[in-house]
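First comes the structure, then the notes that go with it.
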Amino acid sequence: MKNEKSTATPFWRDTRVIPILLQILFVVIVVIVGTFLFTNAMTGLDRLGIKFGFDFLSNTAFFDIGEKEIEYTPKDSYFRAYLVGIVNTIKVGIAGIILASIVGVLVGISRLSNNWLVRKVSTIYVEIFRNTPLLVQIFIWYLAVILQFPKIEEEMNLGPFFISNRGTALPWFDATSGSLLWIIFSIVGLIAAVVIRSRLINKQIETGKITHPGLWSIAVFIGTLLLALLITRSAPFTLDYPSINGRLYEGGYTLTTGFQAMLLALVVYTSTYIAEIVRGGIQAVSKGQVEASKALGLKNSTTMSKVIFPQAIRIIIPPVTSQYLNLIKNSSLAMAVGFPELVYVSQTVLNQTGRAIENITLVILVYLTLSVITSIIMNIFNKKFQLVER
Amino acid sequence: MPHMSSQANLQQPQKRAETPPPKTSVGVIGWLRQNLFSSWANSLLTVIVGTAAFFLLKAIFTWVFFGAEWHVVSNELNFLLIGRYPEEEVWRIWTLLLFFHALLGLSWGFGKGIMNSIAYTIGGLLFISMLLPFIEMSTRIWIIANLATLISFFFIGHKFPKVKKITFVGWFLSFPIVIFFINGLGILPNVSTNLWGGFMLNILLAVVAIVCSFPLGILLALGRRSKLPIVKYFCVIYIEVIRGIPLITVLFMAKFMLPLFTGGIEVDEVVGAMVALTMFSAAYMAENVRGGLQSLPRGQFEASQALGLNSTYTTVFVVLPQALKAVIPAIVGQYIAIFKDTTLVLIIGLLDILEIGLSMIAKPEYIGLDMEVLVFGAVVFFIFCYLMAHVSRRLEKSLSVGNR
């Protein structure tokens, strides 16, 4: 008995116990630090006479927001102001993602071009805009380019477009009585076209007869649109042309200076990263694939679209997703040029109410939600393009 | 008959002397044909891009040399680079630079290869700034002293490879030395952080964030791969939350929330920004390191276990060196990103180079000179970021050679 006891491992050297002890220690430290910070914050808030809570969101905001996609007046609540900010963040995010992808793919392919000049120009573009801070670029676009446009009284006029240091005005769609019907018909037509195309392709593969799937699907789509025209007897929309009234734009759609600067900077900056990813993805497709498809007699364009691209996209999607997330997060810098997105609104609310913890927590939650949504969408894409292994 | 003729054709080349390739496929013309005018579409592209590039270059050239008024930069160069750092204490920054140039010279002496590009760039910068016409005499002397230090220590390092150890100790101690010289720490007259500014502040913030986030990131990465569930999920949540939010919100936390949490203790704004940048960078660093850890084959773990190493030794001597080496490019990319991100501190009111530039543009005597000031800032960042990227590529190449 005695002997047994002395050879038994003491509990502090037992590998089954050590992890548990370590974790308990970790939890204790975290809890102590957490409580310390929390009590500090609570006493601090008490001293300032602020009660922690989110009920201030229903108070009247009393500040106006220059650029809004949804109805908002200074009489609305802080919550409404936040919504305006979130919509603006999403707006610059989506526009930025689409444009940056287009520019990025073009530049990425240019970097592999067999034309020496195109290759060099795209390399210089990438190196310059990758290696300078985004905030500096934003200020260059905003202060040194866009605000230097002519004054609104002496505006530049490119057809229906107006360019001045008050922003750029574009013609915009105006709904007519038949717009809803048009939208319904075009969606139905699009679905029908896609269904017919895939049916015909299947038939062509099975029977070997040439069925012209592309032509048929286009014909079906145009047919439904003609039907819509017959029923509504009006155009799908009317164009609303901008005009200048005094020192303001009237009608059309105005891109504000802040939005333009932000969009330009985000697109240019992110496109350099996307370009590098696209280049890497294309280069990662093994050379044998290209040679094999050439040996099979495929056209260059078919090789690109059916052989290289499907393989490259698998490599490209995950890093491009994180670039999209970066773009959305970087849009928070828009507050530097006065574009009222989420962080800008939250700063205004914070200054008015002094509620730091609540406002910053709100912003964090919104960004986390946006990140999760973007990740989910990109994961769906990723699954679609994933290699199906035998 | 056709059989005969083909035979004759086959034999002919053997008799003739080797014909040189046609003129159109060698030399300048050949290069042009191959790289710029290989097909009509390519020729069209060349003409369009070439014309656009020519006019753009011409516009940039005329602006830089004739249009731009660079006096705004030359007048305020000190302000842009060191902010409101007191003039009588500037010698401390110069001494620090001497120290770094000595270290750089030594490393260059025995390192060569990769160090070449760094040393040439820094030396070139010093040489150019020495020739600038508008700087004061004392500044010029300091610059010449720095250049001389760089070169003389290169020869010392080259001649006596034994100084390697001293150099490493020097690099290791450089961080506390920097803080001591810039702040004073009671021995030298104190220069409080609200006087730190300019490009010096950007570099300081970046260096602190880089140095501190490295070990923190490794710990977080190891924690994320740990088998202990509580530690693991703590690390996962930290990394994912930080990576999901913009840096601005972390900086706002440092500015608005930190004073609340510390219970009324004044938190220095510069220190707050350093903490924020470090915490932010650590999450990204952790993901980079995790990538390296995942790339290690299982055999490495098993082999070190078979050798009887405990988990600490396995991690420190087997796993981490290989994992970190595998992700050097990603880590350098992260360093470049954090260096560029230091400009964001102007949003919480610190006087970094960009904020100083913006305040200069607002002055009535410099009105309309936005482009000059901002382009100067962009160029300064570009030099350092491009240098880092270049070194990273070189490093990657030399390391992959070692692997073969």
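The values are calculated or read from the model by the stated rules, or taken from the named source; none is laboratory data. What you are looking at is a predicted structure, and each value in this text was computed from that prediction instead of being measured. Cβ placement follows ideal geometry from the backbone for every residue including glycine, while neighbour counts extend to all protein chains displayed. With ligands, DNA and RNA removed, areas are computed over all heavy atoms of the protein, side chains included. Shrake-Rupley method; radii C 1.70, N 1.55, O 1.52, S 1.80 Å.
Odds and ends about this structure:
- Shown for chain B: the carbon plus sulfur share of the solvent-accessible area, taken with all protein chains present and a 1.4 angstrom probe, equals 70%.
- Nearest-10 value in Å² for the accessible area of A:Ser346, using the 1.4 Å probe: 0 Å²
- Cα-derived Rg over Rh, computed across chain A with Rh taken as Kirkwood radius: 1.09
- When the convex hull of its Cα atoms is projected in every direction, mean area for the protein assembly as shown (nm²): 55.9 nm²
- Calculated on alpha-carbon atoms, Rg and Dmax of the range B:79-172 in Å: 14.2, 41
- Summary value for chain B: 18 percent relative contact order, contacts being C-alpha pairs under 8 angstrom separated by 6+ residues.
- At 1.002 mPa s and 20 °C, Stokes diffusion of the range B:275-404 via Kirkwood alpha-carbon radius, µm² per second: 120 µm²/s
- Start at zero, step by 5 Å, and the Cα-Cα distances of the range A:121-185 spread as 4, 13, 13, 12, 11, 13, 13, 8, 9, 4, 0 percent across the bins.
- Bins of 5 Å, starting at 0 and running to the largest distance - Cα pair percent for the range B:176-267: 3, 11, 12, 17, 20, 17, 10, 7, 3, 1, 0
- Debye intensity ratio I(q)/I(0), log10, the range B:128-186, q values 0.20 Å⁻¹ (C-alpha model): -0.94
- Principal axis analysis of the Cα atoms in the range A:329-376 yields extents of 35, 24, 10 Å, listed in decreasing size.
- Three-way shape call for the range B:38-107 based on the alpha-carbon gyration tensor, with the a/c threshold at 1.5: oblate
- The long axis of helix B:328-341 is offset from the longest Cα principal axis of chain B by roughly 60 degrees.
- Over the range A:38-174 - Rg/Rh using Cα atoms and the Kirkwood inverse-distance radius: 1.13
- Gaussian network model of chain B, springs between alpha carbon atoms under 10 Å - residue of B:Ile179, B:Ile239, B:Ile122 with greatest fluctuation: B:Ile179
- Each peptide in B:302-313, B:241-252 receives the mean, over its residues, of other Cβ atoms within 10 Å, and ordering these scores from highest gives B:241-252, B:302-313.
- Mean Cβ neighbour count within 10 Å, used as a protection proxy, ranking A:162-172, B:167-177 highest first: A:162-172, B:167-177
- Rounded, prolate or oblate (a/c below 1.5 giving rounded, otherwise prolate when a/b exceeds b/c) for chain B by Cα gyration tensor: oblate
- Cα-based equivalent ellipsoid of the range B:51-208: semi-axis lengths in Å, sorted from largest, via gyration tensor: 30, 24, 15
- Peptides B:104-110, B:380-386 ranked from most to least packed give B:104-110, B:380-386, packing being the mean of other C-beta atoms within 10 angstrom over each peptide's residues.
- For the segment A:323-333, counting C-beta atoms of other chains within 10 Å of every residue's C-beta and taking the mean gives 3.
- The range A:10-116, Rg to Rh (Cα coordinates; Rh as Kirkwood inverse mean 1/r): 1.31
- When only Cα pairs below 8 angstrom with a gap of at least 6 residues are kept, the range A:22-174 shows a relative contact order of 8 percent.
- Shown for chain A: the carbon plus sulfur share of the solvent-accessible area, taken with all protein chains present and a 1.4 angstrom probe, equals 67%.
- Computed FRET value (nearest 0.05) for A:Ala219 with A:Phe309, which takes r as the C-beta separation and R₀ as 35 Å: 0.80
- For A:344-351, mean number of other protein chain Cβ atoms within 10 Å: 1
- Positive end of the dipole of chain B (Cβ unit charges, origin at the Cα centre): among B:Thr62, B:Ala206, B:Thr314, the Cα lying farthest that way belongs to B:Thr314.
- Here the convex hull built on the C-alpha positions of the range A:216-351 has a volume of 210 cubic angstrom per residue.
- A quarter of the convex hull surface defined by the alpha-carbon atoms of the range B:134-227 gives 10.4 nm² as the mean projection.
- Using a probe of 1.4 angstrom and keeping all protein chains present, the accessible surface of the range B:47-115 works out to 56 square angstrom per residue.
- Taken residue by residue and averaged, Cβ atoms of other chains lying within 10 Å of the Cβ of B:252-260 number 6.
- Note on B:Lys397: lysines with a C-alpha under 19 Å away, same-chain residues under 8 apart excluded, are B:Lys112, B:Lys325.
- Reduced Cα scattering model of the range A:78-143, Debye log10 I(q)/I(0), q = 0.20, 0.27 Å⁻¹: -0.94, -1.11
- Relative contact order of chain A, defined on C-alpha pairs under 8 angstrom at six or more residues apart (%): 21 percent
- Extension gain, B:Trp70 back to B:Lys227 (0.36 nm per residue minus Cα-Cα distance, nm): 50.6 nm
- Top positive-direction residue, dipole computed over chain A with Cβ charges, set A:Thr256, A:Ser110, A:Asn88: A:Ser110
- Shown here are the Rg and Dmax of the Cα trace of the range B:9-138, at 27.2, 89 Å.
- Semi-axis lengths, Å, the range B:226-273, gyration tensor of Cα atoms, sqrt of 5 times eigenvalues: 26, 14, 8
- Flagged links, alpha-carbon separation over 24 Å, of A:Lys329/B:Lys255; A:Lys151/A:Lys329; A:Lys151/B:Lys363; A:Lys91/A:Lys329: A:Lys151/A:Lys329
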